[in-house]
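FYI, it's all coordinate maths here, none of it is from the lab. As the structure is a computational prediction, the values presented were derived from the model and not from experiment. Note that each Cβ is placed from the backbone with ideal geometry, even for glycine, and that neighbours are counted across all protein chains shown.
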Amino acid sequence: MTIFQKVRELGFPDGEYIVVGSGILAAKGIRETNDLDIVVTSELFEKCKSEGWEVLPWTKQSIPGKDWLKKGNAEVYVQLSRKTGGISARELLENVEVIEGIPFITLESLIDFKQEYGRPKDFEDIRIIEEYLETVS
């Protein structure tokens, strides 16, 4: 199943979600991803919660965040958590890359986000994103 099919299967309404994390890497064929990270509006977050999505606590100590939801390999957040504060779905939707009708965080924004998280897997993703950007520019 493609990343596009996985997102469409969730049935989220347009304008209320954005795929963040490595989803855009899968969409562009840069690398596969095991999970699907999505930031949604607070209304959609509450709807998912009421539909029985598992509620999990935020655990990244260095970055403030909020509880998040999980169903299968989909993870839903009410904000993109940053050291400087959370960024809502509505704010993120102001700068997206739409691929096959699905809104994704841009590669440039993903690099910025991953630099802040600073995990080894984030630095590896930054490296492959930069290589990809060099080949398409």
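Observations on the structure shown:
- Karplus-derived 3J(HN,Hα) values for segment 34-41, using 6.51 cos²θ - 1.76 cosθ + 1.60 with θ = phi - 60°, are 8, 10, 10, 9, 9, 9, 10, 5 Hz; glycine and proline are entered as x.
- Among the trypsin sites (Lys or Arg not before Pro) in segment 1-79, those located in a DSSP loop and surrounded by at most 13 other Cβ atoms within 10 Å of their own Cβ are 31, 60, 66.
- Calculated [θ] (222 nm, deg cm²/dmol) that DSSP helices of n ≥ 4 give over the chain, each run adding -39,500 (n - 2.57): -11000 deg cm²/dmol
- For the chain, the membrane-span-like helix rule (DSSP H, alpha carbon extent of at least 18 Å along the helix axis, mean Kyte-Doolittle at least -1.0) picks out 120-136; this says nothing about an actual membrane.
- Here is the list for segment 1-86: chymotrypsin sites (Phe, Trp or Tyr not before Pro) lying in DSSP coil, each with at most 15 other C-beta atoms within 10 angstrom of its C-beta, are 58.
- In this structure, the amide hydrogen of residue 99, modeled 1.01 Å from its nitrogen in the peptide plane, lies closer than 5 angstrom to those of 104, counting only residues at least 5 positions away or on a different chain.
- Loop-located GluC sites (Glu not before Pro) in segment 1-105, at most 10 other Cβ atoms within 10 Å (DSSP): 32, 51, 94
- Derived scalar couplings between HN and Hα for segment 91-96 equal 5, 5, 5, 6, 9, 10 Hz in order, rounded to whole Hz, by the Karplus curve 6.51 cos²θ - 1.76 cosθ + 1.60 (θ = phi - 60°), x for Gly and Pro.
- Annotation: average projected area of the chain is 8.0 square nanometres, based on the convex hull of Cα atoms across all directions.
- Under 5 Å, built H, 5+ apart or other chain: amide partners of residue 68: 56, 58
- With the charge dipole of segment 3-125 set up from +1 on Lys and Arg Cβ and -1 on Asp and Glu Cβ about the Cα centre, the Cα lying farthest toward the positive end among the listed residues 73, 5, 38 is that of 73.
- Distances between placed amide hydrogens fall under 5 Å for residue 16 paired with no residue 5 or more residues away or on another chain.
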